[in-house]
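The values are calculated or read from the model by the stated rules, or taken from the named source; none is laboratory data. The model shown is predicted, which means the values in this text are computed figures rather than measured ones. Here the Cβ positions follow ideal geometry from the backbone for every residue, glycine too, while neighbour counts run over all protein chains shown. When the accessible area is computed, the model is the full protein with side chains, heavy atoms only, and any ligands, DNA or RNA have been set aside. Shrake-Rupley method; radii C 1.70, N 1.55, O 1.52, S 1.80 Å.
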Amino acid sequence: MLNADLHCHSKVSDGTLTPSEVAQVAFEAGVDLWALTDHDEIGGQREARAAAEALGMGYVSGVEISITWANRTVHIVGLNIDPDNPTLIDGLAATRGGRAARAQLMSEQLAAAGIPDAYEGALRFVGNPDLISRTHFARFLVEIGKCASVSDVFAKYLSEGRPGYVPHRWATLEESVKWIRGAGGIAVVAHPGRYKFTQLEFGALFDQFRELGGEAIEVVTGSHTPDQYREYADVARQYGFLASRGSDFHGPTESRALLGKLPPLPDDLTPVWSRWQ
């Protein structure tokens, strides 16, 4: 099967490498088809495509859109999008708009918990100030010795009910799917195994997603366990979703899975890339 990795991040959002550097890592890992899917931002797409093409690696434009559904954050990946689509560009800009104010509130909460100057500290890790995120704060907390790793940070800070957590109202599911489809792309539910929904809530999410024109789901991803590979393969079969595969790579020392090193999709599923190959 094609070694496709259709979910990863660069410094344009919250990764640690430039788009060209991520392309090199993907190429050296044997990736045949790659997509850069930065959070709510498509500013790295030209560099990513140019780097992939220079290496002789297939490339698909992508983005990961943050949405609020049932009062929780869910991510929808858009694949094979037109990064010059004005409606998509405007929608993503609006989605990014509240990040700076949210970051200031996060910093205030951390200061109250005895961690001053977190906003300034987080900024040192930000490649794009419009996209300051919890991950940048987490790197700062690791740097100052508050936690041993980024994952340790999220166990103690920045998560719901813990110091530094500030919810944000993102785009809606309807908006995200509309923007992706309007830009000629395919909408994909990213890493469903990460969401703490009940079975009834998951059913409602998948039903609404399909009704809006969503077509795919990530089955094999760095955020899933092997049991979840099987669980979401069954969801793909039940709903008739195309199946996607992606490491959710953020950097060599911060990712649960390395680029291009995940197991293949189950043979009976239709891969999302079949739509454009």
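Quick notes on this structure:
- Sites matching GluC sites (Glu not before Pro) across the stretch 158-239 that sit in DSSP coil, with at most 14 neighbouring C-beta atoms within 10 Å: E160
- Stretchable slack from A29 to S151, in nm (0.36 nm times residue separation minus alpha-carbon distance): 41.5 nm
- Amide hydrogen neighbours beyond the local backbone of V220, cut-off 5 Å, H modeled: S244, G246
- Comparing I186, V153, A70 along the charge dipole axis of the chain, the residue lying farthest to the positive side is V153, per the Cβ-charge model.
- Förster-model FRET efficiency, 25 Å R0, R162 and D117, C-beta, rounded to 0.05: 0.85
- Where the stretch 187-260 is the region considered: accessible area per residue in Å², 1.4 Å probe: 43
- Environment charge at R237 (Cβ cut-off 13 Å; Lys +1, Arg +1, Asp -1, Glu -1): -3
- Volume per residue of the C-alpha convex hull in the stretch 99-156, rounded to whole Å³: 69
- 5 Å-binned pair-distance histogram of the chain (Cα, whole percent): 1, 6, 13, 17, 19, 18, 14, 8, 3, 1, 0
- Two-decimal Rg/Rh across the stretch 1-62, once Rg and the Kirkwood Rh are taken from alpha-carbon atoms: 0.92
- Which listed pairs, of K146/K196; K11/K196; K156/K196, have C-alpha distances above 25 Å, in listed order: K146/K196; K11/K196
- Counting 0.36 nm for each residue step from Q208 to R124 and taking away their Cα separation leaves a gain of 26.3 nm.
- Normalised per residue, the accessible area of the stretch 1-101 is 35 Å², obtained with a 1.4 Å probe and no contribution from ligands, DNA or RNA.
- Residue range of the chain that is longest and free of trypsin sites (Lys or Arg not before Pro) which are both DSSP loop and sparsely packed (at most 16 other C-beta within 10 Å): 1-123
- Net charge contributed by nearby residues that have their C-beta within less than 12 Å of A70 (K/R +1, D/E -1): +1
- For I65, the residues whose amide H sits under 5 Å from its own are D40, I76, V77, G78, ignoring neighbours fewer than 5 places away on the same chain, with H placed 1.01 Å from N.
- With every protein chain in place, the chain: carbon and sulfur % of accessible area (1.4 Å): 49
- Extension gain for the segment Q199 to Q277, taken as residue separation times 0.36 nm less the Cα-Cα distance, is 24.7 nm to one decimal.
- Within-11-Å neighbourhood charge of D40 [Cβ basis; K, R +1; D, E -1]: -3
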